[in-house]
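Accompanying notes for the structure given below.
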Ligand code: HEM
């Protein structure tokens, strides 16, 4: 009977502790970065609608929004780095890599913006495929599997 109590006590402590440790950070999908990413997804859907509708003015504004969201995302820390408990030099190194992929993505959208300004919608659409590749690259390297 005593040992049963002890086992239950241990279980409660373990569950309590694990809730405490995971609670130290926002959960996967609840981070500021996840919020930026969801905004990006919505903006991209709208952008592809603007391009299909040949609405250059709306498309241009949409790309400006996307670039602003990416600049905000650049200042965030991926959940994966927190999950792995990265600190100090290792954290700095991984953050620099993350920021550089975000920068490459921003460059693609700056090129999309220029193509739209020139009225070259087909070039804009081609560049958007490149942005899709940046998304894959970013998620492969920095997105936690959750
Ligand atoms: C360009 C188009 C992109 C789109 C549409 C996009 C979309 C998304 C979406 C929908 C999520 C899931 C958010 C949630 O859990 O609710 C996400 C997560 C994430 N994305 Fe992106 N993404 C893009 C590019 C990138 C790039 C370039 C990077 C990195 C350089 C990146 C890094 C991440 C990370 C790290 C997460 C996990 C969130 C976190 O760690 O807090 N994404 N993305």
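The values are calculated or read from the model by the stated rules, or taken from the named source; none is laboratory data. Being a predicted model, the structure only gives us computed values, none of them experimental. For neighbour counting, all protein chains shown are included, and Cβ atoms are generated from backbone atoms with ideal geometry for every residue, glycine included.
Results for (1) within 11 Å of the ligand (Cβ to nearest atom); (2) touching a helix residue (DSSP H, G or I) at 6+ places or on another chain (Cβ under 8 Å); (3) modelled with pLDDT under 70; (4) within 17 Å of residue 132 (Cα to Cα), shown as yes or no for each residue.
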residue	(1), (2), (3), (4)
3	no, no, yes, no
11	no, no, yes, no
16	no, no, yes, no
82	yes, no, no, no
88	no, no, no, no
91	no, yes, no, no
100	yes, no, no, yes
Residue list for the stretch 45-64, filter: surrounded by fewer than 17 Cβ atoms within 10 Å (Cβ to Cβ) and within 22 Å of residue 136 (Cα to Cα): 45, 46, 48, 49, 64
Can you pull out every residue in the stretch 28-63 that is without any contact (Cβ under 8 Å) to a residue 12 or more places away in the chain and in a loop (DSSP other than H, G, I, E, B)? 30, 53, 55
Return the residue satisfying two criteria in turn: it lies in the stretch 114-138 and is within 14 Å of the ligand (Cβ to nearest atom) and surrounded by 14 or more Cβ atoms within 10 Å (Cβ to Cβ), and of such residues it is farthest from residue 55 (Cα to Cα). 138
